[in-house]
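One structure is given here, and the rest of the page talks about it.
The values are calculated or read from the model by the stated rules, or taken from the named source; none is laboratory data. This one's a predicted model, so the numbers in the text were calculated from it and none came from an experiment. Counting neighbours? That spans all protein chains shown, and the Cβs are built from the backbone with ideal geometry, glycine included. Calculation scope for accessible area: heavy atoms of the full protein, side chains included, ligands and nucleic acids excluded. Shrake-Rupley method; radii C 1.70, N 1.55, O 1.52, S 1.80 Å.
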Amino acid sequence: MQFKVSNELIEQVRHLIREEGDTRLREMLSEIHFADVAEIISELGLSEATYLIKLLDSEKTSEALMELEEDFRERILENLSAKEIAEELEEMATDDAADIVAELPDDRAEKVIAEIEDEKRAEDIKELLTYDEDTAGGLMAKELVMVKETWTVAGCVREMRRQAENVTRVHSIYVVDKDEKLKGRLSLKDLLTASAKTHISEVYIPKVDSVDVDTEGEEVARIMQKYDLEAIPVVDKENVLVGRVTIDDIVDFIKDEAEKDYQLAAGISQDVEADDNVWELTRARLPWLILGLFGGLGSVFIMQGFEGVMTNPRIRDLFFYTPLIAAMAGNVGVQSSAIIVQGLANNVVKGSLLNRLLKEVSLSLINGSALALLIIVFGFIMSYELSFSLTIAIALMSVIIVAALIGTFVPIILDKRGIDPAIATGPFITTSNDIFGIFLFFYIAKLILGF
């Protein structure tokens with residue numbers, strides 16, 4: 001099976017656009033999956049992409065728009081009228097439509113919503129825009145199949161047929177009372193095997209997992225992963241059923257969060273793409289580079305405080321081991337923090353902070369002892385004095401222990417204070433461990449070698 005659009009197809013589309021072969025274009029792309037149409041659009045120039053969006057049916061292009069990179073999609077939307085955007089929104093799920101509207105300037109967003117012919121859909125989109133985008137309310141769609149407990153099976157089936165017209169995938173059938181408060185869920189098997197006159201209240205399953213509109217996206221993802229759910233209903237403070245979050249939305253959310261965490265770990269403070277302009281990329285990277293600069297200057301001042309190393313011929317070689325100590329401190333700190341951040345994300349970091357730190361100390365002693373032994377063996381091969389080798393070995397063990405403690409302690413404290421702990425796996429940890437590592441190295445050398 002072919003999963004990548006061929007260059008020949010893209011060139012053929014370009015040719016037909018230039019020749020204004022509209023009928024042939026519609027026929028060619030009508031049978032192509034919307035994800036492939038999105039891939040074709042992303043390879044075209046802005047004017048060609050806009051032309052194709054206007055040419056094809058909104059049923060096809062609305063799905064394709066959601067697959068495009070956000071920046072490119074925004075540029076295409078700038079070339080569409082408010083009415084044309086509204087036509088695209090009318091074919092989308094309400095959560096996707098709300099995401100599109102959120103990307104528009106406020107005045108333009110109001111004009112687009114005003115052009116939506118379905119007033120109920122327009123109200124649903126405006127409601128979704130009131131929720132934080134990283135909560136269940138911001139992730140949910142309004143489309144779902146909902147039946148009332150007082151209905152009969154026959155009436156339920158009739159109503160479900162009407163509702164299902166607007167639902168792409170029916171993951172679950174939710175049961176509500178007369179005030180639309182969530183009561184449970186309905187098994188399709190029970191619905192099919194019950195008699196037509198049976199009331200839904202007699203056959204529905206009262207146990208159903210749900211989340212509040214203000215539940216954080218990470219918590220929604222954890223619940224759906226834990227219970228292997230394809231969709232989860234969303235309720236308000238009064239337990240009124242207001243929408244559902246589906247697995248595709250959670251996958252997109254997890255992907256976005258992983259990208260943000262990766263950028264934070266790499267020392268990029270904002271969500272940016274490779275094709276963003278220079279100013280946006282600079283603003284995202286510069287703050288951490290400044291932090292690294294001050295950290296480096298701190299290391300310089302520490303080394304100046306131990307300038308006796310450079311003037312003492314017997315131990316001058318100690319200076320050349322500074323990069324080794326700094327590198328080991330940074331590596332150990334990043335390892336420890338990465339494991340803790342991953343554990344926090346998966347909600348598996350449990351127990352007291354003291355026990356966690358003691359565990360890291362034990363692990364650091366084992367790793368440090370092994371590495372220290374290698375240093376002593378290396379010193380023996382290089383014919384160093386035993387005191388010189390022991391200095392490096394002891395300093396290395398100390399630095400590994402301290403770096404591991406910092407790498408463990410900082411992410412947990414950040415998480416408790418509501419700060420993304422992923423920040424602790426980047427330059428923050430590396431820089432702080434470099435400084436502590438160099439200081440410990442020269443201080444221990446001073447104690448043992450006495451310079």
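Helix-only arithmetic for the chain: the sum of -39500 (n - 2.57) across DSSP H runs with n ≥ 4, divided by the residue total, places the mean residue ellipticity at 222 nm at -20500 deg cm²/dmol. Placing +1 on the Cβ of every Lys and Arg and -1 on the Cβ of every Asp and Glu, with nothing else charged, gives the chain a dipole about its Cα centre of roughly 2900 debye.
Taken over the range 1-126, the percentage of Cα pairs per 10 Å bin, counting from 0 up to the bin with the maximum distance, is 13, 45, 30, 11, 1. Positive end of the dipole of the chain (Cβ unit charges, origin at the Cα centre): among Asn367, Ile254, Thr94, the Cα lying farthest that way belongs to Asn367. Its relative contact order, with pairs defined as Cα atoms under 8 Å and 6+ residues apart, puts the chain at 11 percent. Per-residue accessible area (protein heavy atoms, 1.4 Å probe) orders Lys126, Lys178, Lys120 as Lys178, Lys120, Lys126, starting from the largest. Neighbours of Ile375, meaning other residues whose beta-carbon lies under 15 angstrom from its beta-carbon, give a summed charge of -2 when Lys and Arg score +1 and Asp and Glu score -1.
I want to make sure I understand the PRE zone here: with the label point 7 angstrom from the Cα of Asp212 toward its beta carbon, which residues in the range 126-150 have backbone N atoms less than 15 Å away? Residues 132, 135-138 qualify, since their backbone N sits under 15 Å from the label point.
Annotation: extensible slack from Asp248 through Arg108 equals 47.6 nm (criterion: 0.36 nm per residue apart, minus Cα-Cα distance). Mean sequence separation of contacting Cα pairs (under 8 Å, at least six apart), scaled by the length of the range 58-190, corresponds to a relative contact order of 17 percent.
Computed from the Cβ-Cβ distance with R0 of 35 Å, the FRET efficiency linking Glu20 to Glu67 stands at 0.85. Modelled spin labels at Val167 and Leu354, positioned 7 Å past Cα toward Cβ, are 5.3 nm from each other. Extension gain for the segment Glu259 to Ser362, taken as residue separation times 0.36 nm less the Cα-Cα distance, is 33.8 nm to one decimal. The fraction of accessible area contributed by carbon and sulfur in the chain is 55 percent, rounded to a whole number (1.4 Å probe; ligands and nucleic acids excluded).
A 1.4 Å probe run over the chain, with the rest of the protein chains in place, finds 55 Å² accessible per residue. Go through Lys60/Lys183; Lys60/Lys178; Lys189/Lys255; Lys126/Lys148; Lys207/Lys237; Lys142/Lys207 and tell me which ones have a Cα-Cα distance over 30 Å in this structure. In this structure, Lys60/Lys183; Lys60/Lys178; Lys189/Lys255 lie more than 30 Å apart at Cα. When all alpha carbon pairs of the range 27-73 are counted in 5 Å bins from zero, the resulting P(r) reads 5, 25, 40, 24, 5, 1 %.
Here is what passes the span test in the chain: the DSSP H helices with alpha carbon length of 20 Å or more along the helix axis and a Kyte-Doolittle mean of 1.0 or above are 322-345, 353-381, 386-416, 427-449.
Given the options Gly243, Val176, Gly217, identify the residue whose Cα lies farthest towards the positive end of the charge dipole of the range 136-267 (+1 on Cβ of Lys, Arg; -1 on Cβ of Asp, Glu). Result: Val176, furthest along the dipole toward the positive end. Label zone (Thr150, point 7 Å along Cα-to-C-beta; backbone nitrogen cut-off 12 Å) within the range 173-190: 177-180. Between Asp118 and Arg417, the C-beta separation translates, for a Förster distance of 35 Å, into a calculated FRET efficiency of about 0.20. Stretching Arg158 away from Ala370 to a fully extended chain increases their span by 69.1 nm, per 0.36 nm per residue minus the current alpha-carbon distance. If you sort Leu353, Leu129, Leu289, Leu318 by accessible surface, 1.4 Å probe, largest first, the order is Leu289, Leu129, Leu353, Leu318. The distance between label points at Phe301 and Glu8 comes to 6.7 nm (points 7 Å beyond Cα on the Cα→Cβ vector).
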